[in-house]
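Written below as structure tokens is the structure these notes are about.
Bear in mind these aren't lab numbers, they're just calculated from the coordinates by the rules spelled out. Since this is a predicted model, take the numbers as computed values, not measurements. Ideal geometry is used to build each Cβ from the backbone, glycine not excepted, and the neighbour counts take in all protein chains shown.
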Amino acid sequence: MKTLIIAAHSDITKSVVNKRWIMELEKYPEKYTVHELSSSYPDGKIDVEKEQRLVEEHGNLILQFPIYWFSGPPILKKWLDEVLTYGWAYGRNGGDKLANRKIALAVTAGIRKEDYEENGRYRYTLEQLLAPYETTFRYYCHADYRSLFAFYSSEIIPGEEYTSTAEEIEKSAKDYLNFISGI
């Protein structure tokens, strides 16, 4: 079955890395379905039944998003809150639609990797900060949670000039495909 990528970005047109990843995924329509939440629901009103059907029609599930206040963007939180319902994603009486499904995260962080270390600027790793996703999928939904793929770039820091190079971004697109293929 094809892999479903739920892309949650507040404005994909202004994205660099997430947009590049989507462009790479769209080269393989026989393998991947990219579903952009913000463009699908510009009014923020999520069609829960449509989303549940979409998930059920696919195999693996990837949540792709930029780190936003050390978590996911609001549209992704809304999607999780509304789509992962009791009796569908978890709980008794049919709450098994994500059970044993391979699920992973693909995130972009506008901060250097060394800042996301226990001794770094923010004191926590991305894995630690994103543990609620693992807990939700692994323990509530009984999915086969496969961790995350991350691209670290740069935050604008006064006095420091660094931006991700085109080569780094291109490499991340290829590495992302390899990550998805390996889950």
Where does each of HIS9, HIS142 land when they are ranked from fewest to most other beta-carbon atoms within 10 angstrom?
-> HIS142, HIS9
Ordered by packing density, taken as the mean number of other Cβ atoms within 10 Å over each peptide's residues, highest first, how do 43-56, 85-98 rank?
-> 85-98, 43-56
Rounded FRET efficiency, nearest 0.05, which uses the C-beta distance separating GLU26 from GLU57 and R0 of 25 Å | 0.90
Given Cβ charges of +1 for Lys and Arg and -1 for Asp and Glu, the option among GLY110, THR136, GLY44 whose Cα lies farthest towards the positive end of the dipole of the chain is THR136
Cα shape, the stretch 75-144, gyration tensor, a/c 1.5 rule = prolate
Most mobile of THR125, THR108, THR165 per a Gaussian network model of the chain (Cα springs, under 10 Å)?
-> THR165
Residues of type lysines that LYS171 reaches as a straight line, Cα spacing below 28 Å, ignoring anything fewer than 8 places off in the same chain | LYS2, LYS14, LYS19, LYS27, LYS31, LYS102, LYS113
Please give the helix 166-181 orientation as an angle from the longest Cα principal axis of the chain, in degrees from 0 to 90, rounded to the nearest 10.
-> 30
In degrees from 0 to 90, rounded to the nearest 10, what is the angle of the helix 74-83 Cα long axis to the longest principal axis of the chain?
-> 20
Would you mind ranking ILE12, ILE180 so that the residue whose beta carbon has the fewest other beta carbons within 10 Å leads the list?
-> ILE12, ILE180
Ellipticity estimate at 222 nm from DSSP helix runs (n ≥ 4, -39,500 (n - 2.57)) divided over the chain, nearest 500 = -8500 deg cm²/dmol
For THR85, the residues 5 or more places away or on another chain with a placed amide H closer than 5 Å to its own amide H are none
About its Cα centre, what dipole magnitude does the stretch 42-183 give when the only charges are +1 on Lys and Arg Cβ and -1 on Asp and Glu Cβ, stated in debye to the nearest 20?
-> 500
Grab the other residues whose beta carbon is less than 15 angstrom from that of HIS142, score K and R as +1, D and E as -1, and report the net.
-> +3
